[in-house]
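Accompanying notes for the structure given below.
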Amino acid sequence: MNELIVPLVVSALLIAMCLYLHFKVLRKASREIPQLQDNIRYPILTVMTLIFVTHLVEIVLFAIAFWIMALTGLGSLNGAHSSTAADYLYFSIASYTTLGIGDITPEGSMRLVAGIEALTGLLLIAWSASFTYLTMERIWSPQGE
């Protein structure tokens, strides 16, 4: 039972942090971007940079969780790795982006968290794409010119 509860609690906390962070960044961007419309490149590059950095922070949150889980014996990574911070980050990137290369695989409770990270990443990447589309549509519309 502990093998199910712990990863679900860890996943719920990570999802809550990621959703809150994503919401706050996109909300702030939606308020600030209209004021940057002097040059069309600046608002779009600002949005893309903010979104990219936000995704990286979310990936790092999951990587830290994987590292802590490994330290506490709640799971491990198997495959081509040496248990460095870069390995946890790489695995988190592969999971978040649903790339799932497979050269590093999770075991134990990490398996469930990795699966939930993929679902979370898919959701947040889609949210970012739709936000970017709407921002570009607003900026590039005839009223915005």
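The values are calculated or read from the model by the stated rules, or taken from the named source; none is laboratory data. As the structure is a prediction and not an experimental result, all values here were calculated from the model. Here the Cβ positions follow ideal geometry from the backbone for every residue, glycine too, while neighbour counts run over all protein chains shown. Surface areas here come from the heavy atoms of the whole protein model, side chains and all, with no ligands, DNA or RNA. Shrake-Rupley method; radii C 1.70, N 1.55, O 1.52, S 1.80 Å.
Answer yes or no as to whether Thr46 is more than 17 Å from the chain's Cα centre (by Cα) and free of Cβ contacts under 8 Å to residues at least 12 places away in the same chain. Answer is no for this residue.
So, of the residues in region 1-36 that are open to solvent by 40 Å² or more (accessible area, probe 1.4 Å) and under 13 Å from the mean Cα position of the chain (by Cα), which turns out to be farthest from Ile59 (Cα to Cα)? By that ranking, first place goes to Phe23.
Within the set Leu99, Leu74, the sole residue that is under 16 Å from the mean Cα position of the chain (by Cα), at pLDDT below 95 and more than 17 Å from Leu21 (Cβ to Cβ) turns out to be Leu99. If I filter region 78-104 down to residues being β-branched (Val, Ile, Thr) and either part of a loop (DSSP other than H, G, I, E, B) or open to solvent by less than 60 Å² (accessible area, probe 1.4 Å) (or both), which single residue comes out as farthest from Leu122 (Cα to Cα)? Checked region 78-104; the qualifying residue farthest from Leu122 (Cα to Cα) is Thr84. Tell me whether region 59-70 contains one or more residues that are in contact with a Gly (Cβ under 7 Å, 6 or more places away or on another chain) and open to solvent by less than 60 Å² (accessible area, probe 1.4 Å). So far as region 59-70 goes, yes, one or more of its residues are in contact with a Gly (Cβ under 7 Å, 6 or more places away or on another chain) and open to solvent by less than 60 Å² (accessible area, probe 1.4 Å). When Ala65 is tested against (1) within 20 Å of the chain's Cα centre (by Cα); (2) on the phi > 0 side of the Ramachandran plot, exactly one condition is not met: (2).
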